[in-house]
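As structure tokens, the structure follows; a few thoughts come after it.
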Amino acid sequence: MAASASHPLDSPAASALTASDVARGIARLFARNDIWCLGEVPIRNGRRADLMGIDARGQVVIVEIKVARADLLGDAKWPDYLDFCDRFFWGVPPGLDRAPLESEAYRPDSCGVIVADGYDAEILRPAALAPLAPARRKAQVEQLARIAMRRHTALIDPQCAAPDTLA
């Protein structure tokens, strides 16, 4: 579904959105669609995914959030995420110029686009499925589960807090 000028995500206030706002809107969209995610997830190649989640079929989703055009155009590391997910999305605020995401450099045939604010999100372009190898999927799901459990434990007992690791 394409965004229109009357869409609530196309408001002028959208230009002041932070990455946290965009992440919150995407998390709400994902939750409605039975995709559960975490923010700032370290992956084995040394990168940190802005959002990583798992859908009801066990497929891994990564979202790279960009709230500034310069950050979008200057990011040459984003392809490093593709080997660690079944689907990859760009997450952007409504006010961001999305034209670069249509160029071949941003692989529009495989990478999806989500527009979000702090309250909601909309998938403007679905991400193509590029299935992970079973061993990679197992490792990703186990890692994500361990990080989620570690973070949950730290919430209920801060003295047990440990940093996110890949172990």
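The values are calculated or read from the model by the stated rules, or taken from the named source; none is laboratory data. Treat the numbers as computed from the prediction; the structure is a model and nothing was measured. Because the Cβ atoms are built from the backbone with ideal geometry, glycine has one as well, and the counts that use them run over all protein chains shown.
Quick notes
- Filtered residues of the range 68-85 (kept if buried (at least 22 other Cβ atoms within 10 Å of the Cβ) and either part of a loop (DSSP other than H, G, I, E, B) or of a type in the set (A, V, I, L, M) (or both)): C85
- G118 meets the conditions (1) of a type outside the set (A, V, I, L, M); (2) touching a helix residue (DSSP H, G or I) at 6+ places or on another chain (Cβ under 8 Å); (3) within 21 Å of N45 (Cα to Cα) in every case but one. The failed one is (3).
- Among the numbered conditions (1) touching a Pro at 6+ places or on another chain (Cβ under 9 Å); (2) within 22 Å of R24 (Cβ to Cβ), the only one that A148 does not meet is (1).
- Within the range 111-136, the set of residues being part of a loop (DSSP other than H, G, I, E, B), in contact with a strand residue (DSSP E or B) (Cβ under 7 Å, 6 or more places away or on another chain) and small (G, A, S) comprises just one member, A127.
- Matching residues in the range 129-150 - criterion: being in contact (Cβ under 8 Å) with a residue 12 or more places away in the chain and exposed (fewer than 15 other Cβ atoms within 10 Å of the Cβ): L129, A130, P131, R146
- The listed residues are A31, A70, and the only one of them that is modelled with pLDDT of 95 or more and aliphatic (A, V, I, L, M) turns out to be A31.
- In the range 19-66, the residues that are in a loop (DSSP other than H, G, I, E, B) and buried (at least 22 other Cβ atoms within 10 Å of the Cβ): K66
- Taken as a whole, the condition of being farther than 17 Å from G39 by Cα, acidic (D, E) and either without any contact (Cβ under 8 Å) to a residue 60 or more places away in the chain or surrounded by 15 or more Cβ atoms within 10 Å (Cβ to Cβ) (or both) does not apply to D120.
- Screening G95 against (1) touching a strand residue (DSSP E or B) at 6+ places or on another chain (Cβ under 6 Å); (2) of a type outside the set (F, W, Y); (3) part of a loop (DSSP other than H, G, I, E, B) leaves a single unmet condition, (1).
- Test for V63: is it without any contact (Cβ under 8 Å) to a residue 60 or more places away in the chain and either in contact with a helix residue (DSSP H, G or I) (Cβ under 7 Å, 6 or more places away or on another chain) or at positive phi (or both): yes
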